[in-house]
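Single-structure report; data block below.
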Amino acid sequence: MLYEIAKTVHVIGVILLVGNVSATAIWKLFADRTGDAKIMAFSQKLVTYTDLSLTLWGIILIVAGGYAAALIGGLDLIGPGWLLYGQLLFVVSGALWLGILLPLQIRQARAAKRFAETGEVPEQYWRDCRSWIIWGLIATVPLVAGIWVMIAKPG
């Protein structure tokens, strides 16, 4: 029973993380396409809020539930290849998020605060938006691959 609870916590974390990553990118894209500085600034503020509430909690639940399930199930955390590679893919995705996406989000949020009042969106914001989408897609690839590895458990 404890194993199933830990695995459920792990899966809920995956749902929170992947759901937020997907939904945030879509509504930010649509908000930016309006060209309305106030809508864009509000959207950018929500990117920060949802990262703190959904992404962060998704990560916490993935790690806590996953390691608890592995320990309860008596799994060697680096023994089975699928478990090792799943963790590595998760770390790669997280490193891209921390190293590239988060600084871009912070820069965009600061710019959005300014242009919400002036109404003028600077070109740097648009460059950061394009980079955020590109790197967000790149960071999602190892995340999705890690999910596949954890489900398929290839030999």
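The values are calculated or read from the model by the stated rules, or taken from the named source; none is laboratory data. Remember, it's a predicted structure, so these values are computed and weren't measured experimentally. Every residue, glycine among them, receives a Cβ derived from its backbone with ideal geometry; neighbour counts consider all protein chains shown.
Enumerate the pairs (first residue in the range 57-71 and over 10 Å from residue 11 (Cα atoms); second residue anywhere and basic (Lys, Arg)) with beta-carbon separation below 7 Å, excluding pairs fewer than 6 apart on the same chain, so at least 6 apart or on different chains. So the pair list comes out as 69/7. Of all residues in the range 1-55, those being on the phi > 0 side of the Ramachandran plot and in a helix (DSSP H, G or I) number 0. Residue 128: acidic (Asp, Glu), part of a helix (DSSP H, G or I), over 27 Å from residue 7 (Cα atoms) and in contact (Cβ under 8 Å) with a residue 12 or more places away in the chain, yes or no? For residue 128, the condition - acidic (Asp, Glu), part of a helix (DSSP H, G or I), over 27 Å from residue 7 (Cα atoms) and in contact (Cβ under 8 Å) with a residue 12 or more places away in the chain - is met.
Screening residue 19 against (1) under 17 Å from the mean Cα position of the chain (by Cα); (2) over 25 Å from residue 130 (Cα atoms) leaves a single unmet condition, (2).
Among the conditions (1) farther than 18 Å from residue 141 by Cα; (2) surrounded by fewer than 15 Cβ atoms within 10 Å (Cβ to Cβ); (3) touching a residue at least 40 places away in the same chain (Cβ under 8 Å); (4) among the β-branched types (Val, Ile, Thr), residue 15 misses just one, which is (1).
Among the residues in the range 87-98, are any over 17 Å from the mean Cα position of the chain (by Cα) and part of a helix (DSSP H, G or I)? There is no residue in the range 87-98 that is over 17 Å from the mean Cα position of the chain (by Cα) and part of a helix (DSSP H, G or I). Exactly one condition in (1) crowded, with 16+ Cβ neighbours inside 10 Å; (2) under 19 Å from residue 17 (Cα atoms); (3) hydrophobic (A, V, I, L, M, F, W, C) is false for residue 121; which is it? With respect to (1) crowded, with 16+ Cβ neighbours inside 10 Å; (2) under 19 Å from residue 17 (Cα atoms); (3) hydrophobic (A, V, I, L, M, F, W, C), residue 121 is out only on (2). For beta carbons closer than 6 Å, sequence separation of 6+ or different chains, a first residue in the range 90-105 that is touching a residue at least 24 places away in the same chain (Cβ under 8 Å) and more than 12 Å from residue 137 (Cα to Cα) and a second that is surrounded by 18 or more Cβ atoms within 10 Å (Cβ to Cβ) and of a type in the set (A, V, I, L, M), the qualifying pairs are 105/47. For the range 1-52, a residue qualifies if it is of a type in the set (S, T, N, Q) and at pLDDT below 90, and exactly one does: 48.
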